[in-house]
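S.K.: Sending over a structure as structure tokens; questions will come in a sec.
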Amino acid sequence: MTNENRQKFSGREGSGGNPLLQKGVPSRFPPSSPSSPRVFFIGAGPGDPGLLTVKAARVIGEAGLVLYAGSLVPREVVAGAREGARVLDSSSMTLEETHGLLVEAARGGETAARVHTGDPGLYGAVAEQARLLERDGVPYEIVPGVTTASAAAAALGVSFTMPEATQTLLLTRLSGRTPVPDTERLRDLAAHKTSLAIYLSAGDPEGLRRELLAAGLPPDTPVGVAYRLGWPDEKLFWTTVDALPDRVRDENTTRQTIFLILPHLLADPARSKLYDPAFSHGFRT
């Protein structure tokens, strides 16, 4: 990218000359942390306080305002807030209300920790909050978190990839109240026979099975299911594509559930080249 274009997309010409900002894309290019952020978007992970990053725990412990989505983030995740901090559940708040609290804290000289479930880069509302902060000149920083797909794979003891079977993971969801673009229909993505992590789709397990079978997946394709991962009432179990709706309804896991579709588990495992004595590389001849 030329210096002229970099300057254009960095927002230095003002928002009126920045096509990315007009479309809702943050103005910093490349993205970088401001020198003195007052608002931190924290990825809290799926629910287990032990999966907070060191940085996330430190920011929560230093913040004067801790604003967390209580319907998705357990209270234990923000239990490390300092004495005297305002710890507020945003479940019933609107975007305008949460924004007002963040701005109030920042302009009052406090650090604000906006705590979201999982990783802020996936299926969250960080972008729209960041746009409002940029509009009002409030610096912010994003602290990544453990996404539920990674935590679910670890809890179930599996890998998304296998040598010679699959080297690709797709993260997606069913279309619902939030539409999915036609080019990202689940049946089209699943037709690649790669690993899939399917979020926000537990309310329609019949639709999930229909799309996976329409993609040509065998009915006995293994499906790992994780419900409220990291919460005291978490559930972990295995099923198949064909049996998925009945098992989900029997277990009453029709919300806050992620599905790992893993066709490669039907294949014979292949040995990794990295530790194969017949395979040489820069550290072993």
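S.K.: Using only alpha carbons, build the gyration tensor for segment 185-279 and give me the equivalent ellipsoid semi-axes, biggest first, whole Å.
M.R.: 26, 18, 11
S.K.: Pull out a ≥ b ≥ c, the square roots of the eigenvalues of the alpha-carbon gyration tensor of segment 54-110, then state rounded if a/c is under 1.5, prolate if not and a/b is larger than b/c, and oblate in the remaining case.
M.R.: Since a/c reaches 1.5 but b/c is at least a/b, the shape of segment 54-110 is classed as oblate.
S.K.: Tabulate in residue order the Karplus-calculated ³J(HN,Hα) for segment 75-81, using 6.51 cos²θ - 1.76 cosθ + 1.60 with θ = phi - 60°, rounded to whole Hz; enter x for Gly and Pro.
M.R.: Taking θ as phi minus 60°, the curve returns 4, 4, 5, 9, 5, x, 4 Hz for segment 75-81.
S.K.: For every helix of n ≥ 4 consecutive DSSP H residues, a contribution of -39,500 (n - 2.57) applies; sum these over the chain, divide by its total residues, and give [θ] at 222 nm rounded to the nearest 500 deg cm²/dmol.
M.R.: -7000 deg cm²/dmol
S.K.: Moving on. For ARG38, which sequence-distant residues (separation of 5 or more, or a different chain) have an amide H within less than 5 Å of its own amide H, given hydrogens modelled in the peptide plane?
M.R.: TYR140
S.K.: Next up: Once phi is turned into ³J(HN,Hα) by the Karplus curve 6.51 cos²θ - 1.76 cosθ + 1.60 with θ = phi - 60°, what whole-Hz value does each residue of segment 202-214 show in order, with x for glycine and proline?
M.R.: Along segment 202-214, the couplings run 5, x, 9, x, 5, x, 4, 4, 4, 5, 5, 5, 5 Hz.
S.K.: Next question. Consider the candidate values [x] 19.2; [y] 20.0; [z] 15.0; state which one is mean projected area of the Cα convex hull in nm² computed from the structure displayed.
M.R.: Here mean projected area of the Cα convex hull in nm² agrees with entry [x].
S.K.: Using only the alpha carbons of segment 48-178, determine the length spanned along each of the three principal axes and report them from longest to shortest in whole angstroms.
M.R.: So the extents along the principal axes, rounded to whole Å, are 56, 32, 25.
S.K.: Give a residue-ordered list of calculated ³J(HN,Hα) values for segment 190-199 (Karplus: 6.51 cos²θ - 1.76 cosθ + 1.60, θ = phi - 60°; whole Hz; x for Gly, Pro).
M.R.: Ordered by residue, 3J(HN,Hα) equals 5, 5, 6, 6, 8, 5, 10, 10, 10, 9 Hz.
S.K.: Put +1 on the Cβ of each Lys and Arg and -1 on the Cβ of each Asp and Glu in the chain; which of ALA125, GLY61, SER280 then has its Cα farthest toward the positive end of the dipole?
M.R.: Positive-end residue among those listed: SER280.
S.K.: So, one more: Mind pulling up the Rg/Rh value for segment 222-274? Radius of gyration and Kirkwood radius, both on Cα.
M.R.: Across segment 222-274, the Cα-based Rg/Rh ratio is 1.10.
S.K.: Still on this structure: If you roll a 1.4 Å probe over the chain with all protein chains in place, what percent of the accessible area is carbon or sulfur?
M.R.: Roughly 51 percent, rounded to a whole number.
S.K.: Moving on to the next point. Suppose every K and R has +1 on its Cβ and every D and E has -1 on its Cβ; what is the size of the dipole of the chain about the Cα centre, in Debye to the nearest 20?
M.R.: 620
S.K.: Ok, one more. Spin-label point model (7 Å from Cα, Cβ direction): what's the VAL54 to ASP268 distance in nm?
M.R.: 4.5
S.K.: Let me ask something else. Please give the per residue accessible area of the chain, computed with a probe of 1.4 Å over protein heavy atoms only, in Å².
M.R.: Ligands and nucleic acids excluded, the figure is 52 Å² per residue.
The values are calculated or read from the model by the stated rules, or taken from the named source; none is laboratory data. These numbers come from a predicted model, not from an experiment. Counting neighbours? That spans all protein chains shown, and the Cβs are built from the backbone with ideal geometry, glycine included. Just so you know, the surface numbers come from the protein's heavy atoms only, side chains and all, with ligands and any DNA or RNA stripped out. Shrake-Rupley method; radii C 1.70, N 1.55, O 1.52, S 1.80 Å.
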